[in-house]
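Comments concern the structure below.
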Amino acid sequence: MPATTLNIRIDPELKEQVDQVARSLGLSSSAAFNIFARQFVAYRGFPFPVVAPVPTEADFSRQMDAVFDRMRAGHSQEHNPIEEPR
């Protein structure tokens, strides 16, 4: 079967991880992407759920601490509510 070339931009660290996992499965990264492409077509979309990761409690706490630190450092603005509370 004739082949065509697909050029994509990918983070260098991610590419290295893809290469390592593909090699561990006895595949080239090109073969791995071909498998993905065939599954993408067969499923008419992603062959796995694509969802936003839910932060762990520790991640959420770190995020809130960072927001609070920025607020205490004066990087916040006061806003008026759109409607008065009832």
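The values are calculated or read from the model by the stated rules, or taken from the named source; none is laboratory data. Predicted, not measured: the structure shown is a model, and the values here were computed from it. Cβ sites come from the backbone with ideal geometry, for glycine too, and all protein chains shown count toward neighbours.
For this structure, a couple of remarks:
- Residues within region 47-86 that are surrounded by 11 or more Cβ atoms within 10 Å (Cβ to Cβ) and within 30 Å of residue 32 (Cβ to Cβ), tallied: 3
- Test: residue in region 15-25 that is in contact (Cβ under 8 Å) with a residue 12 or more places away in the chain, part of a helix (DSSP H, G or I) and not charged (D, E, K, R): yes
- Only a single criterion out of (1) out of contact with any Pro (no Cβ under 7 Å at 6 or more places or on another chain); (2) modelled with pLDDT of 95 or more; (3) of a type in the set (A, V, I, L, M, F, W, C) is not satisfied by residue 58, namely (2).
- Boolean, residue 9 is modelled with pLDDT of 95 or more, assigned to a loop (DSSP other than H, G, I, E, B) and surrounded by fewer than 10 Cβ atoms within 10 Å (Cβ to Cβ): yes
- For region 37-45, the criterion of being in contact with a helix residue (DSSP H, G or I) (Cβ under 8 Å, 6 or more places away or on another chain), of a type in the set (Phe, Trp, Tyr) and exposed (fewer than 12 other Cβ atoms within 10 Å of the Cβ) is satisfied by no residue at all.
- On inspection, residue 48 does not qualify as among the aromatic types (Phe, Trp, Tyr) and over 21 Å from the mean Cα position of the chain (by Cα).
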